[in-house]
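**Student:** Shown below is the structure under consideration.
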Amino acid sequence: MKIRNVEVLVACPGRNFVTTRITTDDGVVGLGDATLNGRELAVASYVKDHLAPLLEGVEAENIERIWQYLYRGAYWRRGPVTMAAIASIDMALWDIKAKSLGVPLYQLLGGRTRRHLLTYTHATGRDIPELFDAVRRRQEQGFKAIRLQVGIPGLADIYGVGTAAGHTAGFAKPLVEVWDTPAYMRFVPSMFEAARNEFGAEVPMLHDVHHRLSPIEAARLAKDLEPYRLFWLEDVTPAENQEALRLVRSASTTPLAIGEVFNTLWDAQEILQKQYIDYLRMSVTHGGGVTAMRKALDFAATFHIRSGMHGPEDVSPVGMAAAIHLGVSIHNFGIQEYGGYRESTMELFNPAFELKDGYLTPGERPGLGVDYDDALAERHPYSASYLPVNELRDGTVHDW
Ligand code: GCO
Ligand code: MG
């Protein structure tokens, strides 16, 4: 079974998605997610201009070999553009292999280790009452675990709350948000105290700091939040400097999750080996595909670290399907983020996975269980859109 052609499909059904489609000489079609929010066309070009010409005529079965060929063969390794491109090829090849054998992908990954996946979704509010209404709505929808993000008095728009929340389409220039670390650090513990009083001790609650704190600030926040027993505290610092996490880790027992911007195991090697985190946030889409993520999560397992794969709306349903197949097959699954998709996105990809009572299942369709509706995609052309940037009150650029 040889690769006949590799296509790159870019569409914006409410937000931009980049999808790689591989067709084999006997007509089997596989899909892979190559979406890199705000830098979509760079990955599209990488796949179209640099990978597709190398893959035509190659044996589609040899997934590991193709992964190594694309990773080592480029000489230039790692990085989000390269790894999202390789991930999309890898996903599409796993999709093809499973389809050609007539089984859902998880069967090729060792079968199921659990019935379904615990998921968390987002609740946000400009203030505490609005946030709590959002939490109640999420609970009514069946979600068991919920990430709480609240507006900070005096700050109009921050991550997860305000104008750019959801980071969808229509931001042709990055929106500038204003950030104030002391104000944030004063307010968030009081929000969690109120949330525990309102919703009780049992609800798994999560929070995303979105890389905004220095190590010593992160250590203080993790310590201040300890009484509220979070399921996890996410991305407390920008994690390029992995050793910085030692300070946070030694200051508190609040579980930590990191890694949505990591692209290879090497980005996380130190925090895994030193057991500085509890959940690895890398996604299949940005972590080099099913092949690489399986290895990263197996490595994490030896250090008692579980999966918490990134699953916002900008990981397409193709990437989400890959995460769900992987999640049901690995032993060290932790939780799956599920940002949710608008209707037009679900129509475009028609995923087999199902969300019920806050749990995800992959469905039984062969392969990843996703389709691509070309006619629908044509009605939603690419539209440039950027994530916001952050500035301190004096105009200094800060991490977003
Ligand atoms: C999350 C993430 C996202 C990112 C987004 C960037 O925890 O879900 O932080 O909301 O900001 O994926 O493209
Ligand atoms: Mg995050």
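The values are calculated or read from the model by the stated rules, or taken from the named source; none is laboratory data. Only a predicted model underlies this, so the values are computations on that prediction, with no experimental measurement involved. Here the Cβ positions follow ideal geometry from the backbone for every residue, glycine too, while neighbour counts run over all protein chains shown.
**Student:** Scan Ala322, Ala375, Ala384 and give me the residue that is farther than 30 Å from Gly154 by Cβ, touching a helix residue (DSSP H, G or I) at 6+ places or on another chain (Cβ under 8 Å) and of a type in the set (A, V, I, L, M).
**Tutor:** Ala322
**Student:** Of all residues being under 19 Å from Trp76 (Cβ atoms) and part of a helix (DSSP H, G or I) in the stretch 240-290, which is nearest to the chain's Cα centre (by Cα)? Just the residue, please.
**Tutor:** Gly289
**Student:** Also: Give the stretch 289-316 a look and list any residue that's in contact with a Ser or Thr (Cβ under 8 Å, 6 or more places away or on another chain) and within 16 Å of ligand 1 (Cβ to nearest atom), or say none.
**Tutor:** Met309, His310, Gly311, Glu313, Asp314, Val315, Ser316
**Student:** Taking the stretch 358-381, which residues are under 21 Å from the mean Cα position of the chain (by Cα) and either under 25 Å from Leu148 (Cα atoms) or part of a loop (DSSP other than H, G, I, E, B) (or both)?
**Tutor:** Gly358, Tyr359, Leu360, Thr361, Pro362, Gly363, Leu368, Gly369, Val370, Asp371, Tyr372
**Student:** Then there is this: Tally up the residues in the stretch 351-400 that are touching a residue at least 12 places away in the same chain (Cβ under 8 Å) and among the β-branched types (Val, Ile, Thr), please.
**Tutor:** Summing the residues that are touching a residue at least 12 places away in the same chain (Cβ under 8 Å) and among the β-branched types (Val, Ile, Thr) in the stretch 351-400 gives 3.
**Student:** If you go through the stretch 235-250 one residue at a time, do you hit one that is away from ligand 1 (no atom under 16 Å from the Cβ), of a type in the set (Gly, Ala, Ser) and either in contact (Cβ under 8 Å) with a residue 24 or more places away in the chain or surrounded by fewer than 17 Cβ atoms within 10 Å (Cβ to Cβ) (or both)?
**Tutor:** Among the residues of the stretch 235-250, at least one is away from ligand 1 (no atom under 16 Å from the Cβ), of a type in the set (Gly, Ala, Ser) and either in contact (Cβ under 8 Å) with a residue 24 or more places away in the chain or surrounded by fewer than 17 Cβ atoms within 10 Å (Cβ to Cβ) (or both), which makes the answer yes.
**Student:** Specify the residue that is surrounded by the most Cβ atoms within 10 Å (Cβ to Cβ); the eligible residues are those in the stretch 164-194 that are outside any loop (DSSP other than H, G, I, E, B) and hydroxyl-bearing (Ser, Thr, Tyr).
**Tutor:** This residue is Tyr184.
**Student:** Taking the stretch 135-163 as the region of interest, how many residues are within 16 Å of ligand 2 (Cβ to nearest atom) and either farther than 26 Å from Asn37 by Cα or crowded, with 21+ Cβ neighbours inside 10 Å (or both)?
**Tutor:** Residues meeting the conditions: 9.
**Student:** Would you kindly identify the helices (runs of 4 or more DSSP H) lying entirely within the stretch 9-112 that contain at least 1 residues that are touching a His at 6+ places or on another chain (Cβ under 6 Å) and touching a residue at least 24 places away in the same chain (Cβ under 8 Å)?
**Tutor:** 80-101, 105-108
**Student:** Report whether or not Ala123 is assigned to a loop (DSSP other than H, G, I, E, B) and free of Cβ contacts under 8 Å to residues at least 60 places away in the same chain.
**Tutor:** no
**Student:** For Tyr184, only one of the following conditions fails: (1) aromatic (Phe, Trp, Tyr); (2) within 16 Å of ligand 2 (Cβ to nearest atom); (3) closer than 23 Å to His310 by Cα. What is its number?
**Tutor:** (3)
**Student:** Continuing with the same structure: Residues Ala222, Ala201, Ala194, Ala218: which one is within 23 Å of the chain's Cα centre (by Cα), of a type in the set (Gly, Ala, Ser) and more than 16 Å from ligand 1 (Cβ to nearest atom)?
**Tutor:** Result: Ala222 is the single residue among Ala222, Ala201, Ala194, Ala218 that is within 23 Å of the chain's Cα centre (by Cα), of a type in the set (Gly, Ala, Ser) and more than 16 Å from ligand 1 (Cβ to nearest atom).
**Student:** Leu297 passes all but one of (1) in contact (Cβ under 8 Å) with a residue 40 or more places away in the chain; (2) away from ligand 2 (no atom under 15 Å from the Cβ); (3) buried (at least 24 other Cβ atoms within 10 Å of the Cβ); which number fails?
**Tutor:** Condition (1) is where Leu297 drops out.
**Student:** Can you tell me which residues in the stretch 255-294 are within 16 Å of ligand 2 (Cβ to nearest atom) and either farther than 30 Å from Leu31 by Cβ or among the polar types (S, T, N, Q) (or both)?
**Tutor:** Residues satisfying the conditions are Pro255, Leu256, Asn263, Ile271, Ile277, Asp278, Ser283, Thr285.
**Student:** Kindly establish whether Gly57 is small (Gly, Ala, Ser), crowded, with 22+ Cβ neighbours inside 10 Å and either out of contact with any Phe, Trp or Tyr (no Cβ under 9 Å at 6 or more places or on another chain) or closer than 17 Å to Lys99 by Cα (or both).
**Tutor:** So Gly57 does not fit the description; no.
**Student:** List pairs: first residue in the stretch 174-189 and at pLDDT 95 or above, second residue assigned to a helix (DSSP H, G or I) and surrounded by 17 or more Cβ atoms within 10 Å (Cβ to Cβ) anywhere in the structure, Cβ distance under 6 angstrom, at least six positions apart or on different chains.
**Tutor:** Met185/Leu221; Pro189/Asp224
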